[in-house]
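To keep things clear, I will list the structure first and then write my remarks on it.
The values are calculated or read from the model by the stated rules, or taken from the named source; none is laboratory data. Here the structure is a predicted model, which is why all the values come from computation and not from measurement. Note that we place each Cβ from the backbone using ideal geometry, even for glycine, and neighbour counts take in every protein chain shown.
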Amino acid sequence: MTESHPGWVDPNPPDPVDAKTPAVLVISAIVLTAVVVATLIGVVLRAGGEHEGGTVGDVLLLPANVPPAEPFSRSVVAVPVVISNQAASMATDLLAQIPVRADRGVRLVSGRQHGLYGVTGAAPVCDVVTLANDLDTDPGRSTAWGLALGLSLPQLPYYLNTLTAVVLLADTWVTTHRFDNGATHPKQAVLQAGNSILVDPLGVPRVHCASGAPLVPPDSGSLADYRIGDDPWPGFATHLVVAVNYAGADTISAADDFAVIDVETGQEVTAKVGRAIDLRGAPVPLPDPAVMNIPPDHSGSGNR
């Protein structure tokens, strides 16, 4: 032990205290607190967005003719779809003429719009007969399928016979469904251009052929209020997405055929409405498509 005495100088004096140190520590504490608070706010907001019954949720992205993880049935896509450069160019030109609706965040279009949909030569892009047979062999699944569209079991084959197989030429916002525990569960989704679907006589998407899922119009809010799913395809942008008008907002009536684009040649052709199934006996009454297309209430359906 070193004894101190007058005049003695410690050869190893302690480091001088920096006068700025307390201020630095205070600033660091403030910054750290701000980071923690911001993180907590982000967690709360994300949790609120995922709350059951909320208006904000996730949107499923469904690439062209790829069955999702939970398909409603097996795929009934009948032929491969390759959109030629000429057909893609025509679709781009059409899209440029349709403004984005600020309240929806997408472009609203009539289902009877010339050139909205495509076909592949004379071969139908969806096997409607197989879908009808598959539903017929599974009463539980077919009952749930019909309920999604407001149809009874006896109506299903006759309704399917009113649908037309087409190819999407633009990314399209819809409400799709998955089947689980005997019930359908709605889910907001964007179908990539190139998907094969079935549309009703007013041109409203009704079946996603790669999953067999029934489709109904999307939520009546804005796509901007939803979180887009992971891994969007090249060129995806919400302002390029379309949503088909409900019948109530559409002044074009159902006709005997659709004016569509041959995706292989880029030429405009016609596609006859439905009648893919050879049905015998007296027809079964069906709901008016315009009545079926009243905007639905899917509050929170993006979260299920």
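If you scan segment 190-207, which residues turn out to be in a loop (DSSP other than H, G, I, E, B), among the small types (Gly, Ala, Ser) and at pLDDT 95 or above?
Ala193, Gly194, listed by residue number.
Counting only residues that are under 24 Å from Asn85 (Cα atoms), in a strand (DSSP E or B) and out of contact with any Pro (no Cβ under 9 Å at 6 or more places or on another chain), how many does segment 167-189 have? Write out each step before concluding.
Taking segment 167-189 first, the residues under 24 Å from Asn85 (Cα atoms) are 167-173.
After this cut, where a residue has to be in a strand (DSSP E or B) as well, the list is 167-168, 172-173.
If we keep only those that are out of contact with any Pro (no Cβ under 9 Å at 6 or more places or on another chain) as well, we get 167.
Total satisfying the criteria: 1.
Would you check if there is a residue in segment 231-249 being under 16 Å from Leu62 (Cα atoms), modelled with pLDDT under 90, in a loop (DSSP other than H, G, I, E, B) and touching a strand residue (DSSP E or B) at 6+ places or on another chain (Cβ under 8 Å)? Full working, then the answer.
The first filter runs over segment 231-249 and keeps only residues under 16 Å from Leu62 (Cα atoms), leaving 231-238, 240-243.
If we keep only those that are modelled with pLDDT under 90 as well, we get 231.
Applying the additional criterion that residues be in a loop (DSSP other than H, G, I, E, B) yields 231.
Now narrow it down to the ones that are touching a strand residue (DSSP E or B) at 6+ places or on another chain (Cβ under 8 Å): 231.
Scanning segment 231-249, I find at least one residue that is under 16 Å from Leu62 (Cα atoms), modelled with pLDDT under 90, in a loop (DSSP other than H, G, I, E, B) and touching a strand residue (DSSP E or B) at 6+ places or on another chain (Cβ under 8 Å), so the answer is yes.
Restricting attention to segment 171-184, which residues are of a type outside the set (D, E, K, R) and either outside the structural domain of Gly194 (by TED's automatic domain parsing) or buried (at least 24 other Cβ atoms within 10 Å of the Cβ) (or both)? Working first, answer last.
First, pick out the residues of segment 171-184 that are of a type outside the set (D, E, K, R): 172-177, 179, 181-184.
Listed by number, the residues that qualify are Thr172, Trp173, Val174, Thr176, His177.
Here are some conditions: (1) of a type outside the set (S, T, N, Q); (2) surrounded by fewer than 18 Cβ atoms within 10 Å (Cβ to Cβ); (3) modelled with pLDDT of 95 or more; (4) not in a loop (DSSP other than H, G, I, E, B). Pro22 meets all but one. Which one does it not meet?
For Pro22, the failing item is (3).
When you look at Asp200, is it in the same structural domain as Leu279 (by TED's automatic domain parsing) and closer than 20 Å to Ala290 by Cβ, yes or no?
Criteria met by Asp200.
Kindly indicate which of Asp134, Asp138, Asp127 is in contact with a Lys or Arg (Cβ under 7 Å, 6 or more places away or on another chain) and assigned by TED's automatic domain parsing to the domain that holds Ser89. Give the derivation first.
Details: Asp138 fails: in contact with a Lys or Arg (Cβ under 7 Å, 6 or more places away or on another chain); Asp127 fails: in contact with a Lys or Arg (Cβ under 7 Å, 6 or more places away or on another chain).
Of Asp134, Asp138, Asp127, the one residue that is in contact with a Lys or Arg (Cβ under 7 Å, 6 or more places away or on another chain) and assigned by TED's automatic domain parsing to the domain that holds Ser89 is Asp134.
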